[in-house]
Amino acid sequence: MSKQPSVIIIDDDEAPREMLKDFCETLGYNAYAFSDLEETKKFLKDTPEIDLVILDVFIKGKNSLSFIDYLKSNGYIEIPVIIISGAINPDFIQEAITKNVYDFVPKPFTLQQIKERIENALNYCLMTKQHKKYYSHIESLLKERTEKLEQLAIQSVKALANAIEARDPYTRGHSERVAMISTMMGRELGLEEETLAKLELAGLLHDVGKVGIPDRILLKPGRLTPFEYTIMKEHSKMSALIVSEIDPLKGIVSWIKHHHEHYDGNGYPDGLKGTEIPLESQLIAIADNFDAITSIRPYREKITKDEAINYIESQFGKKFNPDIRDIAIKVLKDCEICGEKESKIVPFIEKFRESMIYIDFLTGLFWYPYLKKFINETIAKKQPFFIVFVDILGISKVNRELGRIAGDQLIIKVANALTMYFTHPCIVVRSGGDDFIIYAPIDTKTISENLEKTKRTLSGENIEIHAKILAYPRDGSSYDELISHA
């Protein structure tokens, strides 16, 4: 041992007690001798470091084995106890065994006999303490590793949430706000800290399944069609599926899956109702609705905080559980509406991705909603421009006589010809089945020349087009007015 072992001797018989004390000291140990148990207990309060207890079975006529229980309950469970007695009977031995006494030494004994027992006991104590220290070290390493893994899991959660925001600029910061509001409501309801921590993660991940929703639906600037909405509703199940693959997060899978269920049973994906819906899902649902309607969306403006609270309040008993109404409204009134979060995505890339929802997959051109948006922005800047309306002549006959595929090929040829001659800064869009619109911030002479080149190119394919040129602001002060003159 690196330090001198400490041995406590408890015996109300002075002669053997002092003999053992002197002998232990000659062996190089720190020895402390006591005649009763209470005196020993007082000593232990001030000198907790001991390595061995030598205990007489009877102290002042009373069974002293209960002192072993005292040792165990006060942190000395690994300290060996040697029992000495001149009257050890089977009952005492049995009781001592149940208390894990290390050894028995009957009186009278020789110093050589007791020396061997003491050395064995102290070696056992040393080994036990070393093992305890080793396992404590291993436990510390495991705890540290677990904490790192948990931290990694949390970082992964945030990365997944950021992945959603990278795809949908209109929900930037949404997951963080839902996580915050859900946790605030959970705390008001008295949920345990461990549950609150999981609820925060569920809030962050509730929409992660949107990574599987096509951009054309996820980024659509207008309201979804019934079919598109059916696809969008799959995101809650996809979120649950993704999270279920992360072992530390399996406990929150159902919370995420059911955050669009309604109290009256009219929600999705499983039509749960009432208390069938996990409480945590109910909290996420309220936070999700509140943040969505107080945030900008491509198809509507955000509403005020008071208007949002009034709407949420009207939905208790329908969408939301009326039992948590008071707490939910209190939290919503207390929380602050956060501003839109700045994107970490390169602006050009984000704008390009956003514009992809306007692409016509047949021609690769933009659809007219993109041009409408672009032209309205240009009109707001009071910048003059021309727009050219182009129709394909005779396409109905081609479709009827040669089939749709032939008609589609004709449309593609016209699109290619138009984009060949109307290059930047012009924008060519497909506005309908056989119609195109060209935004042309150039002079009319160049427009006419480009149209003639287009017609000559198409004539070689036996394709005819008709074109009409209109000007802003001469022919209309808005996009709708210009279109009406087409």
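The values are calculated or read from the model by the stated rules, or taken from the named source; none is laboratory data. Predicted model only: the values in this text are computed from it and were never measured. Using ideal geometry, Cβ is built from the backbone for each residue, glycine included, and neighbour counts are taken over all protein chains shown.
If we scan the range 103-118, do we find a residue that is modelled with pLDDT of 80 or more and in contact with a Pro (Cβ under 6 Å, 6 or more places away or on another chain)?
No, the range 103-118 contains no residue that is modelled with pLDDT of 80 or more and in contact with a Pro (Cβ under 6 Å, 6 or more places away or on another chain).
When the range 308-337 is examined, which residues are found to be touching a strand residue (DSSP E or B) at 6+ places or on another chain (Cβ under 9 Å) and touching a residue at least 60 places away in the same chain (Cβ under 8 Å)?
Listed by number, the residues that qualify are Ile324, Ala328.
Quick check: is even one residue across the range 200-209 out of contact with any strand residue (DSSP E or B) (no Cβ under 7 Å at 6 or more places or on another chain), closer than 23 Å to Cys335 by Cα and free of Cβ contacts under 8 Å to residues at least 40 places away in the same chain? Step through it out loud before you land on a result.
Here is the first cut: in the range 200-209, the ones out of contact with any strand residue (DSSP E or B) (no Cβ under 7 Å at 6 or more places or on another chain) are 200-209.
Restricting the remaining residues to those that are closer than 23 Å to Cys335 by Cα gives 200-207.
With the extra rule that they be free of Cβ contacts under 8 Å to residues at least 40 places away in the same chain, the set shrinks to 200.
Scanning the range 200-209 turns up at least one residue that is out of contact with any strand residue (DSSP E or B) (no Cβ under 7 Å at 6 or more places or on another chain), closer than 23 Å to Cys335 by Cα and free of Cβ contacts under 8 Å to residues at least 40 places away in the same chain.
Any residue that is surrounded by fewer than 19 Cβ atoms within 10 Å (Cβ to Cβ) and within 20 Å of the chain's Cα centre (by Cα) - is there at least one of those in the range 200-218?
Yes, the range 200-218 contains at least one residue that is surrounded by fewer than 19 Cβ atoms within 10 Å (Cβ to Cβ) and within 20 Å of the chain's Cα centre (by Cα).
Condition first: in contact (Cβ under 8 Å) with a residue 12 or more places away in the chain, over 24 Å from Glu377 (Cβ atoms) and of a type outside the set (D, E, K, R). Now tell me which residues in the range 451-486 satisfy that.
Within the range 451-486, Leu451, Thr454, Thr457, Leu458, Ile463, Ile465, His466, Ala467 qualify.
I'm trying to understand the selection: among the residues of the range 94-118, which are out of contact with any helix residue (DSSP H, G or I) (no Cβ under 9 Å at 6 or more places or on another chain) and loosely packed, with under 14 Cβ neighbours inside 10 Å?
Selection gives Gln94, Ile97, Thr98, Pro106, Thr110, Gln112, Gln113, Glu116.
Of Thr423, Thr444, which residue is polar (S, T, N, Q) and either in contact with a Phe, Trp or Tyr (Cβ under 9 Å, 6 or more places away or on another chain) or farther than 21 Å from Tyr368 by Cα (or both)?
Every option except Thr444 fails the conditions.
Looking at the structure I just gave you, is Gly251 surrounded by fewer than 16 Cβ atoms within 10 Å (Cβ to Cβ) and part of a helix (DSSP H, G or I)?
Yes: the conditions hold for Gly251.
Name every residue in the range 367-389 that is among the aromatic types (Phe, Trp, Tyr) and either outside any helix (DSSP H, G or I) or within 13 Å of Tyr472 (Cβ to Cβ) (or both), in order of residue number.
Of everything in the range 367-389, those that are among the aromatic types (Phe, Trp, Tyr) and either outside any helix (DSSP H, G or I) or within 13 Å of Tyr472 (Cβ to Cβ) (or both) turn out to be Trp367, Phe374, Phe385, Phe386, Phe389.
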